[in-house]
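Novice: So that we are looking at the same thing, I have put the structure below in structure tokens.
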Amino acid sequence: MTGMHTGMFAGKGMYGLAQASRGKNVPAPTRLRAAGFHHCGCVHVVPFTMTSPHDAPVPADVTVATALHTATRFYEGPEHVRVHGSRAGARGVMFVIAPNPDTARDLCLAVCARAIAGTPELTGWFAHA
């Protein structure tokens, strides 16, 4: 299985929030403020693991990446994700704008939990960071 590399918010990476605020090439803090979200912080890289049940079929990397993308709320701060799947689940990193590492980790886990809850192929999975 190959890795899936995707930017959040329609694959735009660092400029992904442009879709939400309809701006182009506007720095992320400006787009966040334009969307009504006042967030200060920096980008944290949060490694995470999503573990599947022993007998679960292996979903495609794109399924896991799409689930994460769908579960993302633009105002929470996730900017980008990189995911690699395996028979044991998936491993990846999420780039999250947050005021501190603990908040970034909590936001990452919240996105992972919503992705698992909202994707039938990920039934029985759990996430940890």
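The values are calculated or read from the model by the stated rules, or taken from the named source; none is laboratory data. Keep in mind that this is a model prediction, so the values were computed, not measured. Here the Cβ positions follow ideal geometry from the backbone for every residue, glycine too, while neighbour counts run over all protein chains shown.
Novice: Looking at the stretch 74-85 only, could you name the residues that are surrounded by fewer than 23 Cβ atoms within 10 Å (Cβ to Cβ) and out of contact with any Leu (no Cβ under 9 Å at 6 or more places or on another chain)?
Specialist: H80, R82, H84
Novice: Would you check if there is a residue in the stretch 50-59 being in contact with a Leu (Cβ under 8 Å, 6 or more places away or on another chain) and among the polar types (S, T, N, Q)?
Specialist: Our first condition is that a residue be in contact with a Leu (Cβ under 8 Å, 6 or more places away or on another chain); within the stretch 50-59, this holds for 50, 52, 59.
Pick out the ones that are also among the polar types (S, T, N, Q) and you get 52.
The answer is yes; a qualifying residue exists.
Novice: Go through the residues of the stretch 86-94 one by one and say whether even a single one is over 15 Å from V43 (Cβ atoms), of a type in the set (A, V, I, L, M), crowded, with 20+ Cβ neighbours inside 10 Å and free of Cβ contacts under 8 Å to residues at least 60 places away in the same chain.
Specialist: Of the stretch 86-94, the ones over 15 Å from V43 (Cβ atoms) are 86-92.
If we keep only those that are of a type in the set (A, V, I, L, M) too, we end up with 88, 90.
Retained after the next criterion (residues that are crowded, with 20+ Cβ neighbours inside 10 Å): 90.
Keeping just the survivors that are free of Cβ contacts under 8 Å to residues at least 60 places away in the same chain gives 90.
Yes, there is a match, as at least one residue in the stretch 86-94 is over 15 Å from V43 (Cβ atoms), of a type in the set (A, V, I, L, M), crowded, with 20+ Cβ neighbours inside 10 Å and free of Cβ contacts under 8 Å to residues at least 60 places away in the same chain.
Novice: Can you find a residue in the stretch 95-104 that is surrounded by 16 or more Cβ atoms within 10 Å (Cβ to Cβ), more than 15 Å from V46 (Cβ to Cβ) and not basic (K, R)?
Specialist: The answer is no; no qualifying residue exists.
Novice: Within the stretch 84-98, can one find any residue that is touching a helix residue (DSSP H, G or I) at 6+ places or on another chain (Cβ under 9 Å) and at pLDDT below 80?
Specialist: no
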